[in-house]
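The values are calculated or read from the model by the stated rules, or taken from the named source; none is laboratory data. The shown structure was predicted, so the numbers you read here are calculated from the model rather than taken from an experiment. Every residue, glycine as well, gets a Cβ built from its backbone with ideal geometry; the counts of neighbours run over all protein chains shown. Accessible surface is based on the protein model in full, side chains and every heavy atom, while ligands, DNA and RNA are left aside. Shrake-Rupley method; radii C 1.70, N 1.55, O 1.52, S 1.80 Å.
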Amino acid sequence: MDRSYQVFKEIKLRSPDVSVNTFISRAAEEVLRMYGLEQKLVKISDGDYLEEIFRESEQGSSSPKVGRFLLGRYDALFITPATSNTVSKIAYGIADSLVTNAVAQAVKGRVPVYVVPVDIEGSIVSEMPYNIDRKQCRHCEDCPPRENCPHGAITERNGLTDQIELLKCKGCGICKELCPYGAIKGGPVEILVRDVDKRNVEIIKSLQGITVLESPEKILDFF
Ligand code: SF4
Ligand code: SF4
């Protein structure tokens with residue numbers, strides 16, 4: 001998610017005349033909030049016409065805004081990152097969410113669609129949010145993770161370590177290294193890509209109007 005955001009931030013830096021309209025699914029909204037990216041989105045979609053942010057939670061899954069794809073308002077649609085759930089829906093022509101509906105309308109409107117699947121092959125490294133395992137935390141009087149978090153993201157309650165505030169956490173992983181009891185979880189985790197997800201990626205590669213990109217950074221090649 002962060003890599004996709006950084007790519008569009010870079011595009012705005014390279015080409016300030018490019019308008020970026022952002023469509024956010026319900027699931028993406030939660031993740032954006034978790035990684036503290038929600039407030040930063042104005043750097044890529046600042047609210048002007050065609051630079052708006054459309055949230056599925058506000059617009060619903062069949063927002064009239066996706067009709068713009070039929071009216072020639074957009075040059076391209078990038079779905080990044082596309083979860084295996086979204087890829088499977090696109091593969092079978094299902095358009096029951098804001099994002100999959102946008103894909104359907106874009107193809108009908110001859111707007112090229114580029115999809116960056118999360119689960120593409122082999123195994124992937126996913127970033128899990130950092131958190132304190134309450135069962136393992138010993139509520140030490142001196143808590144090195146809390147004392148050394150460079151962003152003050154670890155809160156205390158009644159003088160003892162409480163939790164990690166995800167809106168402040170930058171995911172540096174220092175706290176995980178510093179807890180002597182392994183109570184801090186999260187960070188990079190290797191996840192196996194299922195065969196069914198690989199098959200669905202192959203299916204969308206063959207679909208009309210859709211191109212699969214291997215990474216969000218490939219989007220930069222278009223600008
Ligand atoms: S050092 Fe680890 S176990 Fe001790 S309070 Fe901090 S997080 Fe919990
Ligand atoms: S990952 Fe880094 S920013 Fe987040 S709580 Fe740990 S030390 Fe703080």
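Checked against (1) under 30 Å from G67 (Cβ atoms); (2) part of a strand (DSSP E or B); (3) modelled with pLDDT under 95, D221 passes all but a single condition, namely (2). Filtering the range 178-213 to residues that are outside any helix (DSSP H, G or I), in contact with a helix residue (DSSP H, G or I) (Cβ under 8 Å, 6 or more places away or on another chain) and free of Cβ contacts under 8 Å to residues at least 60 places away in the same chain leaves C179, P180, I184, K185, G186. Taking the range 114-128 as the range and being of a type in the set (A, V, I, L, M, F, W, C) and under 15 Å from V189 (Cβ atoms) as the test, the residues that pass are V118, I124, V125, M128.
Screening S57 with (1) assigned by TED's automatic domain parsing to the domain that holds N200; (2) in a strand (DSSP E or B) gives one miss only, at (2).
Reported count of residues in the range 167-195, each being surrounded by 11 or more Cβ atoms within 10 Å (Cβ to Cβ), away from ligand 1 (no atom under 16 Å from the Cβ) and of a type in the set (A, V, I, L, M), is 4. Confirm whether D162 is open to solvent by less than 60 Å² (accessible area, probe 1.4 Å) and farther than 19 Å from S84 by Cβ. The answer is yes for D162. In the range 105-145, the qualifying residues are those that are in a loop (DSSP other than H, G, I, E, B) and crowded, with 18+ Cβ neighbours inside 10 Å, and the one that is nearest to ligand 2 (Cβ to nearest atom) is C143. Residue pairs whose Cβ atoms lie under 8 Å apart, sitting 6 or more positions apart in sequence or on different chains, and linking a residue in the range 161-177 that is within 7 Å of ligand 2 (Cβ to nearest atom) and of a type in the set (G, A, S) to a partner that is assigned to a loop (DSSP other than H, G, I, E, B) and open to solvent by 30 Å² or more (accessible area, probe 1.4 Å), are G171/Y35.
Of all residues assigned to the range 196-203, at least one qualifies as being open to solvent by 80 Å² or more (accessible area, probe 1.4 Å) and either more than 12 Å from ligand 1 (Cβ to nearest atom) or touching a Pro at 6+ places or on another chain (Cβ under 9 Å) (or both).
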